[in-house]
1. Scan ARG73, ARG38 and give me the residue that is under 24 Å from ALA344 (Cα atoms) and of a type in the set (D, E, K, R).
2. Scan the stretch 269-289 and tell me whether some residue there is more than 25 Å from the chain's Cα centre (by Cα) and over 19 Å from ILE85 (Cβ atoms).
3. Looking at GLY326, GLY276, GLY254, which is the one that is surrounded by fewer than 16 Cβ atoms within 10 Å (Cβ to Cβ) and not in a strand (DSSP E or B)?
4. Taking the stretch 11-52 on its own, how many of its residues are β-branched (Val, Ile, Thr) and within 19 Å of LEU309 (Cα to Cα)?
5. Take the residues of the stretch 76-106 that are among the small types (Gly, Ala, Ser) and part of a strand (DSSP E or B): which is nearest to LEU346 (Cα to Cα)?
6. So, in the stretch 242-279, exactly how many residues are of a type in the set (Gly, Ala, Ser), touching a residue at least 12 places away in the same chain (Cβ under 8 Å) and farther than 20 Å from THR178 by Cβ?
7. In the stretch 201-211, is there at least one residue being out of contact with any strand residue (DSSP E or B) (no Cβ under 6 Å at 6 or more places or on another chain) and assigned to a helix (DSSP H, G or I)?
8. Answer with yes or no whether VAL233 is without any contact (Cβ under 8 Å) to a residue 40 or more places away in the chain, part of a strand (DSSP E or B), among the hydrophobic types (A, V, I, L, M, F, W, C) and buried (at least 17 other Cβ atoms within 10 Å of the Cβ).
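The values are calculated or read from the model by the stated rules, or taken from the named source; none is laboratory data. All of these numbers come straight from a predicted model, not from anything done at the bench. FYI the Cβ positions are ideal-geometry reconstructions off the backbone, even for glycines, and counts take in every protein chain you see.
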Amino acid sequence: MQESKELPHVIIIGCGFGGLEAARSLAGAPVRITLLDRSNHHLFQPLLYQVATAGLSAPSIAAPIRHMLRRQRNCTVLMAEVTGIAKAARRVSLADGQQLTYDALIVASGATHSYFGRDEWAEHAPGLKTLADAFKLRARLLSAFERAETLASPAEREPWLNFVVIGAGPTGVEMAGTLAEIARHTLRDEFRRIDPAAARVLLLEGSERVLQAFQPALSAKAQQQLEGLGVQVRTRCKVVAIDASGVELEEQGGERQRIPTHTVVWAAGVAASPLGRALEVPLDRAGRVIVDGSLNIPGHPEVYVIGDLAAAQSHEKDGSSRPVPGVSPGAKQMGRHAARQIMARLILNRPGGQTLPPFRYRDYGSLATIGRKAAVADVGRLQFSGYFAWLFWLFIHIYFLIGFRNRLVVLMDWAWAYWSFQRYARIVVDDSKT
């Protein structure tokens, strides 16, 4: 690929919340932008579990990157995989052999699943990060009920009607609550040999409470709402083994128990994208790149790392600092900050953007939904739960969806599901038979 040298070249790796925000923040700037991503779409990941549980179709929470940036004339989108980064040469290598040089680089390649050194568990306990993950998980969840319907004895059915969610963060809580609603409401009257409401949904958490990032009072309310939906919540228990036939737990006192199940959902941990190691800079325990107040790596003010890949600190006005949480608002704010730094350094000729203040994260609160009319919200000094928290969660997520069509479709789907309890995105395709 022949590259023009008329304008500074900015390469952005990854079109998640951070990468997309950085690209948009540089719209109209006198720079050339190349946005690289392995997929052709931007994904609204907070609602990915809704696709996995048949509540929404994939196009409702995803949008083609090219369409989103079609009017941004200074941005070129390439569907490509990055295989290497040469910092000294300021060069990015792609899987197809191309090499692109840059004047500024933003690495926003996100995170993947972490099984805490037990990667063999991935086959039996899939996580949820991509649309492909959601499709596979949806097939596994719905097929479990179908398989149970074909079996004659309760003993044979039990492992298929046991659903285990590991990790009680927002994703785990949302997944467990939705599974309980599917079993007790959505699938009611659809089977003849089994009672879907008899399905057992277990939410396992190693710490002392669910939703550790929330205030203890809200965590307690979240657990009460989960249990009201029929979810069995177990805290202070450690998963020690996962295989094709079940999960083995270790309680706080050392007692072990085995739960027979063929359906396990992993929501216990994430690890930074492997691309962080390609930068050959200090990483934290989760594999995230340690960055400074400008979101740069050591010795390279032209390289920015943002989003889930960055171990960033929020530099407060009183001189203190605190870790930036791995949430979408944090990624967006980092994307905007990196764009401002690039504008200052490349366009205003301020080396390293030194006149700009260090990154400071604005915390607008945390939300988690548990199920129909059940959620918790921690917004500044306000903490509330139940129906009003659920409404707040619903409208906030609709507001931040990409595109008017997606907002309208999701609103209609949720309204219909509210009144009917139905989920019509329940198509399962067996690839082995096509």
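1. Details: ARG38 fails: under 24 Å from ALA344 (Cα atoms).
Criteria check complete, one pass: ARG73.
2. So far as the stretch 269-289 goes, no, none of its residues is more than 25 Å from the chain's Cα centre (by Cα) and over 19 Å from ILE85 (Cβ atoms).
3. Working: GLY326 fails: surrounded by fewer than 16 Cβ atoms within 10 Å (Cβ to Cβ); GLY276 fails: surrounded by fewer than 16 Cβ atoms within 10 Å (Cβ to Cβ).
Exactly one residue qualifies, and that residue is GLY254.
4. Here the count works out to 3.
5. ALA104
6. Step one: filter the stretch 242-279 for residues of a type in the set (Gly, Ala, Ser), giving 244-246, 253-254, 267-269, 271-273, 276, 278.
So of that shortlist, the ones also touching a residue at least 12 places away in the same chain (Cβ under 8 Å) come out as 244-246, 267-269, 271-273, 276, 278.
Add one more test, that the residue is farther than 20 Å from THR178 by Cβ, and what stays is 244-246, 269, 271-273, 276, 278.
Summing the residues that are of a type in the set (Gly, Ala, Ser), touching a residue at least 12 places away in the same chain (Cβ under 8 Å) and farther than 20 Å from THR178 by Cβ in the stretch 242-279 gives 9.
7. The answer is no, given that none of the residues of the stretch 201-211 is out of contact with any strand residue (DSSP E or B) (no Cβ under 6 Å at 6 or more places or on another chain) and assigned to a helix (DSSP H, G or I).
8. Details: without any contact (Cβ under 8 Å) to a residue 40 or more places away in the chain: no; part of a strand (DSSP E or B): yes; among the hydrophobic types (A, V, I, L, M, F, W, C): yes; buried (at least 17 other Cβ atoms within 10 Å of the Cβ): yes.
Spelling it out, it is not the case that VAL233 is without any contact (Cβ under 8 Å) to a residue 40 or more places away in the chain, part of a strand (DSSP E or B), among the hydrophobic types (A, V, I, L, M, F, W, C) and buried (at least 17 other Cβ atoms within 10 Å of the Cβ).
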